[in-house]
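Structure, as structure tokens:
The values are calculated or read from the model by the stated rules, or taken from the named source; none is laboratory data. This one's a predicted model, so the numbers in the text were calculated from it and none came from an experiment. Cβ sites come from the backbone with ideal geometry, for glycine too, and all protein chains shown count toward neighbours.
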């Protein structure tokens, strides 16, 4: 099943941008009259009939709408410090999208080696992984923000009555950590936020601030994981928990 | 903590090959008398004193041995069909090693696009990921084998009284599948084998043969995952289950 992304979908007509139109009408040679499947990127898949096969701006008429198509029964934000090697962070974006994530926030920690992150490639990867894994909602890739600002200003989604906020870190000290599964088991909501630190871990100040703001310190088991592996493992733990 | 791999370790002396010796003595400039940490690749980490800093063949005297260091409380074999794009399979080898796997078997299915697989790069990746994730045991990378031969000839490890054998596939049909977590919960042994199919899934014949040989059909949740993502997710589910 091939999915196309519509930048505009009003429930009757879907409009594809130049990239998607080229792929649909030039590469895959779809012609007006063909049935195609289109996602709006915000949670609905449409079965459509192609009405204009212009490879620079195709249009399709909606035959049937599938709201919530390919969705998951939780709302997950992963705030993760971009890795020194960009490929590794992009791999996390791809895999977390496949597994099921709603929002990815690149956060810059005090010990982050990478202090600047551009979201354009991650946006393309998230779109591609969304289509490949047959989902209709593209995860939001937020603009980068400092770990401290994220902790102080992030609020649960409006529809969520309560949110489980977790911080995964490795720091030594007296702070008691529980496993991520234990934290999930003791929560009966749907809204989860996980904060994953940079290669050099969170600073003690960031960790303290997170706990003050209601973040629960968790560990991800006995293995020492790279930043991007920890981020995908955390998303997987949430996905498996809500299965 | 930096780990070096000894191709020979008899409990008193550890010998490093040219690659490891060069990294230890030329790149990191360790000199005779320095304390270093060495793994034997089969489950023991040694605290050592470098006695010969030859960058082509270094030797170290064992001061203390840590058997079982960085190990995990299960024995996991992942038999996975190599992906068309080699990078994706190698990524699985790296991530499964970080999380914790004992044996990786590249299996060639009837519908595999890739019919040939060379293990040399995977061996290097497994070694590197073992050291990076602070483990002492390098997962075995088996020589490729057909899916059918794997099903018919693989036996649980000798020390395992019983083994949980799982096959993850997507095929449509009447076969009832349970979730991988459900399968794990109903098992009280430690030896788990998971079979992951190629992009085109297992053939009905392979699926039938697996079930005949005691494999339990499982699903990995609602998301449609790429081969390598499915393989890492399955390893993660086992890791989290035994935490």
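Structure data summary
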| item | result |
| --- | --- |
| Selection within region B:13-55 - free of Cβ contacts under 8 Å to residues at least 24 places away in the same chain and within 26 Å of the chain's Cα centre (by Cα) | B:19, B:23, B:47 |
| Complete set of residues in region A:98-156 that are part of a helix (DSSP H, G or I), out of contact with any strand residue (DSSP E or B) (no Cβ under 8 Å at 6 or more places or on another chain) and in contact (Cβ under 8 Å) with a residue 40 or more places away in the chain | A:99, A:148, A:152 |
| Test: residue B:183 is under 21 Å from residue A:129 (Cβ atoms) and either away from chain A (no Cβ under 14 Å) or in contact with a strand residue (DSSP E or B) (Cβ under 9 Å, 6 or more places away or on another chain) (or both) | no |
| Condition met for residue A:44 (away from chain B (no Cβ under 13 Å), crowded, with 23+ Cβ neighbours inside 10 Å and either within 28 Å of residue B:220 (Cα to Cα) or modelled with pLDDT under 95 (or both)) | no |
| Helices (runs of 4 or more DSSP H) (entirely within region A:159-243) containing at least 3 residues that are surrounded by 24 or more Cβ atoms within 10 Å (Cβ to Cβ) | A:227-241 |
| Residues of region A:116-132 satisfying the condition of being modelled with pLDDT of 95 or more and within 14 Å of another protein chain (Cβ to nearest Cβ) | A:125, A:128, A:129, A:130, A:131 |
| Selection status of residue B:82, within 14 Å of chain A (Cβ to nearest Cβ) and either surrounded by 16 or more Cβ atoms within 10 Å (Cβ to Cβ) or touching a residue at least 24 places away in the same chain (Cβ under 8 Å) (or both) | no |
| Matching residues in region A:47-68 - criterion: being in contact with a strand residue (DSSP E or B) (Cβ under 7 Å, 6 or more places away or on another chain) and buried (at least 18 other Cβ atoms within 10 Å of the Cβ) | A:48, A:50, A:58, A:59, A:60, A:62 |
| Residue, nearest to the chain's Cα centre (by Cα), within region A:111-153, restricted to residues that are within 20 Å of residue A:214 (Cα to Cα) and surrounded by fewer than 20 Cβ atoms within 10 Å (Cβ to Cβ) | A:145 |
| Lone unmet requirement of (1) closer than 29 Å to residue A:215 by Cα; (2) crowded, with 21+ Cβ neighbours inside 10 Å; (3) in contact with a helix residue (DSSP H, G or I) (Cβ under 8 Å, 6 or more places away or on another chain) for residue A:16 | (1) |
| Any chance residue B:10 is modelled with pLDDT under 95 and either under 27 Å from the mean Cα position of the chain (by Cα) or surrounded by 16 or more Cβ atoms within 10 Å (Cβ to Cβ) (or both) | yes |
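Yes or no, residue by residue, for (1) touching a strand residue (DSSP E or B) at 6+ places or on another chain (Cβ under 6 Å); (2) free of Cβ contacts under 8 Å to residues at least 40 places away in the same chain:
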{"position": "B:190", "(1), (2)": "yes, no"}
{"position": "B:195", "(1), (2)": "yes, no"}
{"position": "B:198", "(1), (2)": "no, no"}
{"position": "B:204", "(1), (2)": "no, yes"}
{"position": "B:234", "(1), (2)": "yes, no"}
{"position": "B:237", "(1), (2)": "no, no"}
